[in-house]
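To start, the structure under review is shown below, and the notes come after it.
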């Protein structure tokens with residue numbers, strides 16, 4: 001059985017050793033004339049999601065399809081809140097991840113019939129988030145799908161529900177499962193433990209006083225019922241000296257809804273809401289891009305580039321009926337690599353200004369890159385030590401260059417940081433093309449075998465080496481007996 005390590009340039013544990021390179025992140029841009037495609041629009045008049053969509057939701061691959069759970073409401077009044085607030089969980093399905101349909105589920109009666117895409121969850125109160133896990137290997141088939149949600153029914157504390165099919169849901173009879181306010185947007189499973197991220201207000205000390213700013217917090221559970229009695233605050237953006245201290249619930253830089261999590265095995269990427277408040281504490285005038293954080297344990301996070309917007313909100317509402325409202329976005333638990341593209345789904349915030357779920361698209365795994373700079377004597381990066389004892393491996397590169405005078409060569413080093421015979425840079429075929437997954441070859445072979453502990457070094461060379469960009473590397477590892 002093989003596994004694959006994914007090394008992004010912004011992952012500090014992937015490439016801790018660097019010389020003569022800079023790292024840049026790549027935003028999905030905002031700006032005048034930019035219009036990210038609406039893939040799941042609000043419904044027609046008379047449908048449950050005809051008023052607004054709050055994408056505090058989830059995308060998972062189920063079999064050969066992509067399923068999207070989102071929150072739909074049939075009407076709103078006022079600047080921020082529908083009256084009455086009665087969001088329900090709705091489902092959209094896609095065969096290819098790009099074109100979505102709202103299936104006739106026949107599960108929930110609305111306007112006198114069940115011909116709609118609303119899931120069956122017997123809660124009359126508003127639903128304010130829906131983080132869904134899909135566990136196809138779950139022994140209890142009534143719990144193959146697991147839902148972590150927020151509702152005023154439980155004073156906005158964490159609650160859970162279970163489903164055999166992702167459509168018909170049964171609440172856990174002893175909800176809520178925590179005793180503190182928690183507004184979640186993402187989750188993952190690591191070594192049999194569920195991690196759910198969200199924002200909490202009041203559970204951690206702040207010089208501001210009783211209501212500390214929104215921060216990224218995580219609860220953990222092994223059975224989805226018993227959760228840690230306290231959460232781990234893994235990332236915040238609080239304004240502390242030498243920054244000016246901001247007061248008030250809305251004011252200042254905060255983390256909205258925790259983060260949607262993309263678990264790539266050896267590293268987890270998080271997209272979080274970059275809440276930027278104002279001195280008069282009116283959320284109608286705040287802005288909110290979507291930022292990038294990274295974690296290796298599901299608890300502690302860092303920003304590769306502080307305050308960098310991985311999805312920009314600026315002027316995205318310009319071609320919608322909501323032009324002139326606050327430039328603000330909301331992330332979900334929603335990422336996928338589909339073909340040669342990386343896709344993240346998001347929506348406008350607040351939900352009363354939301355016309356549907358939209359997609360942000362990059363070239364596959366090209367969220368950032370290493371690039372040489374010219375005044376360095378040499379440009380290279382190097383990994384931490386890799387254990388290949390009793391294993392075989394293959395190495396791949398996602399890279400591009402703007403000219404024929406830039407290329408890369410890869411070498412494997414031993415514990416004394418010396419090139420291993422047969423895997424030195426002089427043995428490596430030049431990587432001089434534009435590709436999303438190019439095999440690294442030494443003397444015509446892409447197989448790495450018979451080694452124990454190695455470091456991977458990548459040299460970016462050529463008289464125009466600054467034209468080379470390295471986006472991602474992949475190490476496919478297989479045990480010898482396999």
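The values are calculated or read from the model by the stated rules, or taken from the named source; none is laboratory data. Quantities reported herein were computed from a predicted structural model and do not represent experimental measurements. Cβ coordinates were reconstructed from backbone atoms using ideal geometry, including for glycine residues, and neighbour counts include every protein chain displayed.
Residue 422 meets all of the listed conditions (1) part of a strand (DSSP E or B); (2) farther than 20 Å from residue 15 by Cβ; (3) free of Cβ contacts under 8 Å to residues at least 60 places away in the same chain but one, namely (1).
For region 263-285, a residue qualifies if it is within 19 Å of residue 252 (Cα to Cα), out of contact with any strand residue (DSSP E or B) (no Cβ under 6 Å at 6 or more places or on another chain) and in contact (Cβ under 8 Å) with a residue 40 or more places away in the chain, and the qualifying residues are 283, 284, 285. Say whether the condition of being more than 18 Å from residue 192 (Cβ to Cβ), part of a loop (DSSP other than H, G, I, E, B), in the same structural domain as residue 224 (by TED's automatic domain parsing) and in contact (Cβ under 8 Å) with a residue 12 or more places away in the chain is met by at least one residue in region 154-163. Within region 154-163, one or more residues are more than 18 Å from residue 192 (Cβ to Cβ), part of a loop (DSSP other than H, G, I, E, B), in the same structural domain as residue 224 (by TED's automatic domain parsing) and in contact (Cβ under 8 Å) with a residue 12 or more places away in the chain. Among the residues of region 213-228, those that are over 15 Å from residue 194 (Cβ atoms) and part of a loop (DSSP other than H, G, I, E, B) comprise 213, 214. Scanning region 313-366 for residues that are over 27 Å from residue 183 (Cα atoms) and in contact (Cβ under 8 Å) with a residue 60 or more places away in the chain yields 318, 319, 338, 340, 362, 363, 364, 365, 366. Determine whether residue 454 is within 23 Å of residue 340 (Cβ to Cβ), surrounded by 14 or more Cβ atoms within 10 Å (Cβ to Cβ), modelled with pLDDT of 95 or more and not assigned by TED's automatic domain parsing to the domain that holds residue 339. Judged against the criteria, residue 454 is not a match. Among the numbered conditions (1) modelled with pLDDT of 95 or more; (2) under 19 Å from the mean Cα position of the chain (by Cα), the only one that residue 254 does not meet is (1). The residue of region 318-335 that is surrounded by the fewest Cβ atoms within 10 Å (Cβ to Cβ), among those that are assigned to a loop (DSSP other than H, G, I, E, B) and touching a strand residue (DSSP E or B) at 6+ places or on another chain (Cβ under 7 Å), is 322. The residues in region 436-481 that are more than 17 Å from residue 16 (Cα to Cα), assigned to a strand (DSSP E or B) and touching a strand residue (DSSP E or B) at 6+ places or on another chain (Cβ under 7 Å) can be counted, and the count is 13. Kindly evaluate residue 466 against the criterion of being at pLDDT below 95 and out of contact with any helix residue (DSSP H, G or I) (no Cβ under 9 Å at 6 or more places or on another chain). In short, no. Among the residues of region 51-65, is there at least one that is farther than 30 Å from residue 469 by Cα and over 22 Å from the mean Cα position of the chain (by Cα)? Checked against the condition, which is being farther than 30 Å from residue 469 by Cα and over 22 Å from the mean Cα position of the chain (by Cα), region 51-65 yields at least one hit. When region 321-351 is filtered for residues that are farther than 21 Å from residue 258 by Cα and more than 12 Å from the chain's Cα centre (by Cα), the ones remaining, listed by number, are 321, 322, 323, 324, 325, 338, 339, 340, 341. The one condition from (1) surrounded by 15 or more Cβ atoms within 10 Å (Cβ to Cβ); (2) modelled with pLDDT of 95 or more; (3) out of contact with any strand residue (DSSP E or B) (no Cβ under 9 Å at 6 or more places or on another chain) that residue 226 does not meet is (1).
Inspect all residues belonging to region 174-183 and state whether any of them is surrounded by fewer than 18 Cβ atoms within 10 Å (Cβ to Cβ) and more than 26 Å from residue 125 (Cα to Cα). Looking for residues that are surrounded by fewer than 18 Cβ atoms within 10 Å (Cβ to Cβ) and more than 26 Å from residue 125 (Cα to Cα), one finds none in region 174-183, hence no.
Tell me, which residue of region 291-312 that is buried (at least 22 other Cβ atoms within 10 Å of the Cβ) and touching a residue at least 24 places away in the same chain (Cβ under 8 Å) is nearest to residue 346 (Cα to Cα)?
For region 291-312, the residue satisfying everything is 311.
Selection of region 111-126 for residues being at pLDDT 95 or above and either closer than 19 Å to residue 94 by Cα or crowded, with 16+ Cβ neighbours inside 10 Å (or both) yields 115, 116, 117, 118, 119, 120, 121. Against the conditions (1) touching a strand residue (DSSP E or B) at 6+ places or on another chain (Cβ under 9 Å); (2) at pLDDT below 95, residue 315 satisfies every one except (1).
Of the residues screened, residue 147 is not one that is out of contact with any helix residue (DSSP H, G or I) (no Cβ under 6 Å at 6 or more places or on another chain), assigned to a strand (DSSP E or B), within 19 Å of residue 45 (Cα to Cα) and in the same structural domain as residue 51 (by TED's automatic domain parsing).
Residue check: residue 338 meets all listed conditions (1) at pLDDT 95 or above; (2) crowded, with 20+ Cβ neighbours inside 10 Å but one, namely (2).
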